[in-house]
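Please read the structure below before turning to the comments.
Throughout, read-outs are computed from the coordinates displayed, never taken from laboratory work. What you are looking at is a predicted structure, and each value in this text was computed from that prediction instead of being measured. With ideal geometry, Cβ positions are generated from the backbone for all residues, glycine too; neighbour counts draw on all protein chains shown.
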Amino acid sequence: MPKTDLPKAYNAAEIEDKIYQKWEESGYFNPDKLPGERAESFVISMPPPNVTGVLHLGHAFENALMDIEIRYQRLLGKRALIVPGTDHAAIATQARVEDELKKQGFVNPRKELGREGLLKKIKEFADNHKSIILGQIKKMGTSCDWSRLAYTFDESRSEAVNEIFRRMFEDGLIYRGYRVINWSVKGQSTCSDDELVYVDQPAKIWYFKYSHDFPIPIATTRPETKLGDTAVAVNPDDARYKQYIGQKFTVDVGAAKPLIITIIGAGAVDPDYGTGAVGVTPAHSAIDYEMYLNNKDIGIIPVIGQDGKMLSAAGPAYAGLPVLEARGKFVQWLKDQGLYIKEEETTHNVGSSDRFGDIVEALPMEQWFVDVNKKIPERGKTLKELLREAVTVGHDENADKIIKIAPERFHNSYLQRIDNLYDWCVSRQIWWGHRIPVWYCDDCQHYFYSSDTPSDCLKCGSKKLHQDEDTLDTWFSSGTWTFSTLGWPAETDDLLKYHPTTWMQMGYEIIFLWMVRMILLSTYALDDIPFKNVYIHGMLRAKDGRKFSKSLGNGLDPLEIIEKYGTDALRLSLIKGVTAGNDSRFYEEKVEGARNFVNKLWNISRYILQTVAQPRLIEEVPATRTLADDWILSRLNETTAATTAELDKYNFSSAGELLHEFTWSDFADWYLEIAKVEGAKDELLLFILQKILKLWHPFCPFITEHLWNELGAKNLLLVAAWPKNFAVDIGAGADFQSIKDIITSIRNLRGENKIEPAKLVTISIIAGDKTELIKKEQNIIKKLGRVENLIIKNNKPEGGIGAVAGGVEIYLDLAGLVDVETEKKRLAKEISETEKYLSGIAIKLNNQEFVANAPEEIVLKEKEKMEPAQEKLDKLKNQLDSLK
RNA sequence: GGACACAUAGCUCAGUUGGUUAGAGCGUUCGAUUCACAUUCGAAAGGUCGUAGGUUCGAAUCCUAUUGUGUCCACCA
């Protein structure tokens, strides 16, 4: 007579999409439409996924984290908001599309398609991926407000980007400068320092002299750049060379003009490395360029061009050659001239472009930079200082405007990094992105900011104008994310209500790429922090500890997992075993375990719905009749409190574990079995189920919402209230534990003696002061221990085998059928364990220093352990004796 | 070269300011299939917490050194 038609197993695929649709239709993802009085806001800006691809496990993980947090906060009664969106990912997307086009037969897509044509192709690609990604976020169950959907490259965000650019330009924080930058020959664009991936490569280091009469030999891994050397740096304390500092030597190494080499002193030069002297190439080394800036007299000679080939300044023998060919040729020349000394094998750490993949060249070029060391007009602080302040004393020295980073260790690495921050190169020579809003006059060379096409030059009135060809670094736009998505630069209600955002989660790999930029742009443009809390998470790795990657082919598709196991199971498995800041491993068995749990929750509910007379929501704490009732309610209370505490600390995994333990062990394995014995528990079962569904909702939103509906709820679980603690009899714990121990012990005796579960046995218990308790709870013991006769007596029965548990002696009456040797062994083992335990306590208590120094309660606790342990030991010894 | 993290059961991981007989899941062993669930139930085995010192009445937890693994930064001219 089932009162519910729930199928035996939970089928996620059947219900998930419908539930998500119900949520969307409710409008509750929008915090302005949430029911009830909600004073406090809780806002998460979703890190926008790049439109370069589709959602991978890492995204699924982040969605799980964000959605658990936001659903929890919504249940707590806050105005909960996740702002969703996607990132146009400038270089990444263009590089991806160019690669595709090359596979299709294009040789140089930029030339062949032109700016407009290529942009059209990229836009098609981006739009396509964007819609796939958004669909996937819904599949994950993420409760974000789709009415506030944003895109880093849409009109509103572009306006924000232009506005920030204008302000920085007018404040002199954005400047055009000639500096050595990282250049990707393949991508034909700059890359910022943060976008480089360093790889160790085997390399050679060549030792040589510029000329026979040059006094100092030098060493280099890049001989071809030596054609542009203008100085040699030595340590000012180096006795071998210091007398040459300040001298100039003219050498002819085959470059277009003879090189004038100045000997300079630099403390950074290590006298013990190489020859102890550094050939300085200002044009092709960031460090050498710094030396040049300190001493411009030495000069700068670029010898490598943007195409990766030698320039004419390198000399007629080298001009036009790719760098590697020039290198070989130059080394040969040194050998021919007798200037070559030796070469050694070494490893060289070279920076390669994260997106284009090639090793970058250091080239001097005119580019746009954000000055992090210049005082902001009228604020008297530099951007670098703002970056520091936000995480230390609080923005503007206001302690309420402070960013808390969890786990804390990332706080230090952030500060360390800020100290070494250089000006941020923001211009890129690609087309997919926000075009730099600066216009040049062809007549007077004046350049100025304009967000749209200006009609004439602001200075000379000429109409011959052209816009800067470059686009902005993608992080310049994503750095505005927390506030541009809320309407900035317009002064919107959203900004007032929802900024700064409350909680941000991100992987540690983008702390410097993204977090730093968000803090920089927000503190600059809004005079406020972008978020109050950052939760840094690690990376998901495969079971063998390797990264998931396309090239390894070890990726797992979240959509396939969802299809097979359901979204709730995927979400649970993603956060299982995860601690903040640390990498975790992900593999299918984890999902399987999570799926099993979800199914357990299903069947718990199914059982209750089938059993009770009328499924309904019970909000009031029902009256209890038995020890088990008191026990389960106090466990529910404990679990609620502990789970809440863990969630407040963003310990999602351990919150889930606590709930898992309560739901499966306490509630399903013990209480439901007892309910079958004691009966008449409709209200209690419904009450607890209702609480369990709420507690699980942040983790498993779909199944809990569905079951909530089956319980007969009128409102969505999405907007229910998070459980609070209530008053119950706390004293039930110890007594119930005794009963549990006794039952487990009986089951153990049965198992050890291979008694079939179906066979009912006779048990004698010497109960002592627990007599009343056991009498009262004998039905449970009988049923769960498969006991036919439960005899409470004062002395041990003849021929029984025994155990000591729950403070009583238990005898199984099976004389003659028992394997005496096995029992002896078991008892002996338990006796030795108990003796060890007891002697441990005795040693402590006999130690005067322990008694004198340890806190009183600790000593008391040890003393209290003593007596029951001693009793147990005596009983065990008795039982062993009786077997002889 | 600098910094950080990790090392606990066969595997993947918890273990919150030092004080429980160090826990979980998976796996393993034994047993169970009418009565919510075999995506299940019951029972059990399995760890001197990387190593060596130190602090302390007391260390998986704090300190020092050391080994291994991983990450970031600097940089090798």
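Run through the range A:751-815 and list the trypsin sites (Lys or Arg not before Pro) located in a DSSP loop whose Cβ has at most 11 other Cβ atoms within 10 Å.
A:754, A:759
Taking Cα pairs under 8 Å and at least six residues apart, what relative contact order does chain A come out at, in percent?
RCO, chain A: 12 percent.
Which of the aspartates and glutamates could a cross-linker bridge to residue A:872, judged by Cα under 13 Å and excluding same-chain residues fewer than eight apart?
A:809, A:830, A:833, A:835
Using a Cα-Cα cut-off of under 19 Å, which aspartates and glutamates could be cross-linked to residue A:754, ignoring same-chain neighbours fewer than 8 residues away?
Within the straight-line limit of under 19 Å, residue A:754 reaches these aspartates and glutamates: A:788, A:813, A:819, A:821, A:823.
Could you go through the range A:50-67 in sequence order and give the Karplus-derived ³J(HN,Hα) for each residue, using 6.51 cos²θ - 1.76 cosθ + 1.60 with θ = phi - 60°, rounded to whole Hz, and x for Gly and Pro?
5, 7, 6, x, 10, 5, 10, 4, x, 5, 4, 4, 5, 5, 4, 4, 5, 6
Considering only lysines 8 or more places apart in sequence, or on different chains, count the pairs in the range A:472-577 whose C-alpha atoms sit under 27 Å apart.
9
In whole angstrom, how far apart do the alpha carbon centroids of the range A:491-520 and the range A:671-709 sit?
Cα centroid to Cα centroid, the span is 38 Å.
So which of A:242/A:335; A:78/A:649; A:775/A:877; A:204/A:329 end up more than 21 Å apart by C-alpha?
Flagged as over cut-off: A:242/A:335; A:775/A:877.
Tell me, what ³J(HN,Hα) does each residue in the range A:545-558 have, in order and in whole Hz, if you take phi through Karplus 6.51 cos²θ - 1.76 cosθ + 1.60 with θ = phi - 60° and put x for Gly and Pro?
x, 7, 5, 6, 8, 4, 5, 7, x, 9, x, 10, 8, x
Calculate the translational D of the range A:521-669 in whole µm² s⁻¹ from Stokes-Einstein, where the hydrodynamic radius comes from the Kirkwood formula applied to all Cα pairs, the temperature is 20 °C and the viscosity 1.002 mPa s.
D = 115 µm²/s.
Counting pairs of alpha carbon atoms under 8 Å apart in space and at least six apart in sequence, what relative contact order in percent does the range A:448-555 give?
Rounded, it is 22 percent for the range A:448-555.
Once phi is turned into ³J(HN,Hα) by the Karplus curve 6.51 cos²θ - 1.76 cosθ + 1.60 with θ = phi - 60°, what whole-Hz value does each residue of the range A:301-306 show in order, with x for glycine and proline?
Once θ is set to phi - 60°, the couplings for the range A:301-306 become 10, x, 10, 10, x, 5 Hz.
Kindly provide the helix-only [θ] at 222 nm of chain A, computed as the sum of -39,500 (n - 2.57) over DSSP H runs of four or more divided by all residues, to the nearest 500 deg cm²/dmol?
The helix-only estimate for chain A comes to -13000 deg cm²/dmol at 222 nm.
Can you list the residues, at least 5 places off or on another chain, whose amide H is less than 5 Å from the amide H of residue A:341, using H built in the peptide plane?
A:207, A:208, A:209
How would you classify the range A:1-83 from its alpha-carbon gyration tensor, with a ≥ b ≥ c the square roots of the eigenvalues: rounded for a/c under 1.5, else prolate if a/b is greater than b/c, otherwise oblate?
Since a/c reaches 1.5 but b/c is at least a/b, the shape of the range A:1-83 is classed as oblate.
Quick one: which residues, 5+ away or cross-chain, put their amide H under 5 Å from the amide H of residue A:256? H built at 1.01 Å from N.
Hits under the 5 Å cutoff: A:314, A:315.
Checking the a/c ratio against 1.5 first, then a/b against b/c, what shape does the Cα gyration tensor give for the range A:294-358?
Rounded shape, in that the Cα axes give a/c under 1.5.
Mind putting together the pair-distance distribution for chain A? All Cα pairs, 10 Å bins, whole percent per bin, short to long.
Values per bin, smallest distances first: 2, 10, 15, 17, 16, 13, 10, 8, 6, 3, 1, 0.
Please work out the Cα center distance from the range A:29-90 to the range A:160-196, rounded to the nearest Å.
One Cα centre to the other: 31 Å.
Scale the Cα Rg of the range A:34-125 by the rule-of-thumb value 2.2 N^0.38 Å and send over the ratio, two decimals. Walk me through the numbers before you get to the answer.
Values: Rg = 19.6 Å, N = 92, 2.2 N^0.38 = 12.3 Å.
Compactness ratio reported: 1.60.
With just the Cα atoms defining each centre, how far is the range A:747-771 from the range A:410-451? Give it in Å.
Here the answer is 78 Å between Cα centres.
Which GluC sites (Glu not before Pro) in the range A:1-63 sit in a loop by DSSP (not H, G, I, E or B) and have at most 12 other Cβ atoms within 10 Å of their own Cβ? If you can, show how the numbers build up before the last one.
On the way: sites: A:14, A:16, A:24, A:25, A:37, A:40, A:62; in loops: A:37, A:40.
When the GluC sites (Glu not before Pro) of the range A:1-63 are filtered for loop state and at most 12 Cβ neighbours within 10 Å, A:37, A:40 remain.
Percent of Cα-Cα pairs more than 17 Å apart in the range A:629-674, please.
Numbers: 317 of 1035 pairs.
Tail of the P(r) past 17 Å holds 31 percent of the pairs.
Give the shape of the range A:754-866 as rounded, prolate or oblate, defined through the alpha-carbon gyration tensor: a ≥ b ≥ c are the square roots of its eigenvalues, a/c under 1.5 means rounded, and otherwise the shape is prolate if a/b is larger than b/c and oblate if not.
Prolate shape, in that a/c is at least 1.5 and a/b is the bigger ratio.
Dimensions of the range A:124-247 along principal axes (Cα, Å, largest first)?
Principal-axis extents of the range A:124-247 (Cα, largest first): 74, 41, 28 Å.
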